[in-house]
Amino acid sequence: MTSSTTSSSRAQILARVRTALADGPAAPLPSRDYFASHTPDDPAAILDLLHENLADYRAIVHRTAESELPTVIARLLEQHDAASVAVPAGLPAAWLSGAKIQQRHDVTAGLEGDGVSSLAPSGSDRPAGEPLTPYELDTTDAVVTGCAVAIAETGTIVLDAGPGQGRRALTLVPDIHICVVRAADQVVASVPQSLPHLDPTRPQTWISGPSATSDIELDRVEGVHGPRTLHVVLVTDE
Amino acid sequence: MSGTFVGMPAFPKAAHEAVQNVTLRRNLRHATHTIRDKRAVAVAELDDWDQLREAGKQIKDHTLSRLDHYLVQLEESVTAAGGTVHWAADADEANRIVADLVKATGESEVVKVKSMATQEIGLNEALEAEGIAAYETDLAELIVQLGKDRPSHILVPAIHRNREEIRDIFRSEMSAWGRPAPDNLTDSPAELAEAARLHLREKFLRAKVGISGANFMVAETGTLVVVESEGNGRMCLTLPETLISVVGIEKVVPTWQDLEVFLQTLPRSSTAERMNPYTSMWTGTTEADGPKTFHLVLLDNGRTATLADEVGRQALRCIRCSACLNVCPVYERAGGHAYGSVYPGPIGAILTPQLRGTQSEVDASLPYASSLCGACYDVCPVAIDIPEVLVHLREQVADQGGKGHRLEKVAIKAATWVLDNPAVLAVGERVAAKTRKLHPRKIPGPGASQWTNSRDLPEMPAEPFRDWWKKNRT
């Protein structure tokens, strides 16, 4: 809806636009003769490029087989002395089966899960059925998620609040983010290739390395407000 | 230094003062040279940069040529997704809309994402007058706000400050705004960033209202896009219950696919990165994820006037990357404050006089704040021909008259008469040659004497060329 107080300004602005354009012809649509991708169509090379570019922006990259994933995640959480981990709805339960720390399940009624029970498993210290508050997230050490798509040329992972990814705050407030990328079907080469995989109606966060700033003398410093540590685990077939 | 740009002197005076400041010049030179070299590397990685640049230009030109259509489509999409759209003809109206929306929530403080549009309209000052505290959360904006300073760069508003100055500002000012700076804070950028993280975290966690701008608005989907680095944007866009975004009407793009161009060109042009650390995209409201209420305030504030100028309207293509600032020899020496606007540098020199008009002294002087070297055009990711617009605006300023321009007009008129009358010209030339011993090295009088302060007048030959030709060749 448009607020009634501004309806006259709406008419005024649109009228000004039409006067300014004076019925001139529409400028042509873009020619789009740029490349769809800058990378050879070779999955192994694309995965290597993703790995390289993620690491270049200070994400810590790991590769593992699906069967080893619980062990890798447990080791990373232990390595950071994490005492608690936020768990988005729809995260495969197996991923955290090796972790011996407190799991804080975030239940978000509006988003579909993949059938994972909304009842918090044993080890949780909070009632089931409630989303975590910002303050609860602030005292949570880490978060583990999947992703929607990963872009090799820019070293980007995109989360769209789908199953196992959680709402946006979940991957923002805890200081350690562990993100799992399935190499087989979640990696694309380029930005133009990524957009068709993404649904604009879903809230999205594109993440390229941990939080950073260049505001002091244009020197890049990693770690301001978002997670200061970003682990990306690339799950390969073997 | 005051926090506002009102009553700024004309560019030459402000620039003259700025170039006397050795620290400022050193800070700026260091920063602009660092970023321009990195940008060149990031751009060179893409073999199709020229095509991406052309596509970005075409998308923006097409959108502007049907701006009414795309704004109405955007309004429909945002509304369908659960948002509320407001239209603000000018800064006062936008400020009033935002203040009323904040008051309706019952809150008296807001957290802000860095936004050029809200700076342009002076939103923080307007909210303060209504008893609402607006906290800037971008690190550089925080430095500017705590230092009661003005922004001097589009991307890095505190670029004129070095690390020692920032440390001193944090030490002395943070406690008045909230959590004080840690004891023994040093000037290492990592420690300064940590101090900002701690200072702002309590504000993010309790915030009920967030205010942002947007880099792009997609008409077909109603999606808004904010690109950032630090995560303060994500905090403001995600944690509060109410989000208010104030966005210039020229930020609309037609399609979701159009983002594939700008998400490649903006980060590389701006921070010289393949991709900035965080990009947030949201479409209206989403149940159980982020703000429950979303307001979009569409801002005109001089943009439709700019659109009416067929040469000048290309300034509306700007995606605020700031690459033109970093390569500009004038900006590098004069700094951002001399431009008297939140939009400094080459883009500011063409955008500000169009958004605000050229009635004030500083705005009329801005089209002259350039050597027309063209480096800004070369790096612009949407191919804005800034020199072309500068010359165009100079014509407008000259046409509206003013002291210097009246003298110039009289002189040109006299010269035209002489050049149109060969006999008069011949007499003049002979007189000039005969009296050449008497010519001063400098031209006397106001205006002209300035020109010869650092230049000598050319020496007059012993006789005019026409006379020499008659004697020797006929």
Condition check: in a helix (DSSP H, G or I), more than 25 Å from A:LEU159 (Cα to Cα) and more than 8 Å from every other protein chain (Cβ to nearest Cβ). Does A:SER67 satisfy that? no
Output the residue which, of all residues in the range B:92-108 that are among the small types (Gly, Ala, Ser) and open to solvent by less than 20 Å² (accessible area, probe 1.4 Å), is farthest from B:LEU296 (Cα to Cα). B:ALA99
Flagged in the range A:200-224 as of a type outside the set (A, V, I, L, M) and in contact (Cβ under 8 Å) with a residue 24 or more places away in the chain, in numbering order, are A:ARG202, A:PRO203, A:GLN204, A:THR205, A:TRP206, A:SER208, A:GLY209, A:PRO210, A:GLU222
Those residues of the range B:54-77 which are surrounded by fewer than 23 Cβ atoms within 10 Å (Cβ to Cβ) and of a type in the set (Lys, Arg), in sequence order: B:LYS57, B:ARG66
Search result, residues across the range A:45-67 that are open to solvent by 70 Å² or more (accessible area, probe 1.4 Å) and touching a strand residue (DSSP E or B) at 6+ places or on another chain (Cβ under 9 Å): A:GLU52, A:ARG58, A:ILE60, A:ARG63, A:GLU66
For B:PRO291, work out the one condition from (1) more than 8 Å from chain A (Cβ to nearest Cβ); (2) within 19 Å of the chain's Cα centre (by Cα) it doesn't fulfil. (2)
First in the range A:17-28 and assigned to a helix (DSSP H, G or I), second anywhere and polar (S, T, N, Q), Cβ under 9 Å, 6 or more apart: A:VAL17/B:THR304; A:THR19/B:THR304; A:ALA20/B:THR304; A:ALA20/B:THR306; A:LEU21/B:SER65
Would you check if A:ASP42 is open to solvent by less than 80 Å² (accessible area, probe 1.4 Å), modelled with pLDDT of 95 or more and closer than 25 Å to B:ASP48 by Cβ? yes
Exactly one condition in (1) over 28 Å from B:GLU287 (Cα atoms); (2) open to solvent by 10 Å² or more (accessible area, probe 1.4 Å); (3) out of contact with any helix residue (DSSP H, G or I) (no Cβ under 6 Å at 6 or more places or on another chain); (4) not basic (Lys, Arg) is false for A:HIS197; which is it? (1)
Given the conditions (1) within 19 Å of the chain's Cα centre (by Cα); (2) at the interface with chain A (Cβ under 7 Å from one of its Cβ atoms); (3) closer than 28 Å to B:ARG179 by Cβ, every one holds for B:MET235 apart from (1)
Of all helices (runs of 4 or more DSSP H) completely enclosed by the range B:9-69, which ones contain at least 1 residues that are within 12 Å of chain A (Cβ to nearest Cβ)? B:22-44, B:49-65
Would you be able to say whether some residue in the range B:81-96 is touching a Gly at 6+ places or on another chain (Cβ under 9 Å), assigned to a helix (DSSP H, G or I) and more than 30 Å from B:ASN326 (Cβ to Cβ)? yes
Selection count where residues are open to solvent by 40 Å² or more (accessible area, probe 1.4 Å) and at pLDDT 80 or above, scope the range A:104-126: 0
Spans of strands (runs of 3 or more DSSP E) in the range A:173-238 with at least 2 residues at the interface with another protein chain (Cβ under 7 Å from one of its Cβ atoms): A:204-207, A:212-216, A:219-222
Selection from the range B:172-188 of residues that are in contact (Cβ under 8 Å) with a residue 24 or more places away in the chain, in contact with a Lys or Arg (Cβ under 6 Å, 6 or more places away or on another chain) and crowded, with 17+ Cβ neighbours inside 10 Å: none
Taking the options B:ALA323, B:ALA315, B:ALA364, B:ALA305, name whichever one is crowded, with 23+ Cβ neighbours inside 10 Å and within 26 Å of B:PRO9 (Cβ to Cβ). B:ALA315
Only one of these is within 11 Å of another protein chain (Cβ to nearest Cβ), assigned to a helix (DSSP H, G or I) and more than 25 Å from the chain's Cα centre (by Cα): A:LEU54, A:LEU49, A:LEU14. Name it. A:LEU14
Filter the range A:45-102 for residues that are basic (Lys, Arg) and within 30 Å of B:THR271 (Cα to Cα) and give the result. A:ARG58, A:ARG63
Could you figure out which of (1) more than 9 Å from chain A (Cβ to nearest Cβ); (2) within 30 Å of B:MET8 (Cα to Cα); (3) open to solvent by less than 10 Å² (accessible area, probe 1.4 Å) isn't true of B:ILE169? (3)
Scanning the range B:344-359 residue by residue, those assigned to a loop (DSSP other than H, G, I, E, B) and under 22 Å from B:GLN20 (Cα atoms) turn out to be B:PRO344
Being in contact with a Lys or Arg (Cβ under 8 Å, 6 or more places away or on another chain) and not polar (S, T, N, Q): is that true of A:GLU217 here? yes
Could you give me the residue pairs with C-beta distances under 7 Å whose first residue belongs to the range B:52-68 and is under 9 Å from A:ALA27 (Cβ atoms), whose second residue is open to solvent by 30 Å² or more (accessible area, probe 1.4 Å) wherever it lies, and which are 6+ apart or on separate chains? B:GLN58/A:PRO28; B:GLN58/A:SER31; B:HIS62/A:ALA26; B:HIS62/A:PRO28; B:HIS62/A:LEU29; B:LEU64/B:ARG313; B:SER65/A:ALA26; B:ARG66/A:ALA26
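The values are calculated or read from the model by the stated rules, or taken from the named source; none is laboratory data. All figures in this text were calculated on a predicted structure; none of them were measured in a lab. With ideal geometry, Cβ positions are generated from the backbone for all residues, glycine too; neighbour counts draw on all protein chains shown. Just the protein is used for accessible areas: all its heavy atoms, side chains included, with ligands, DNA and RNA removed. Shrake-Rupley method; radii C 1.70, N 1.55, O 1.52, S 1.80 Å.
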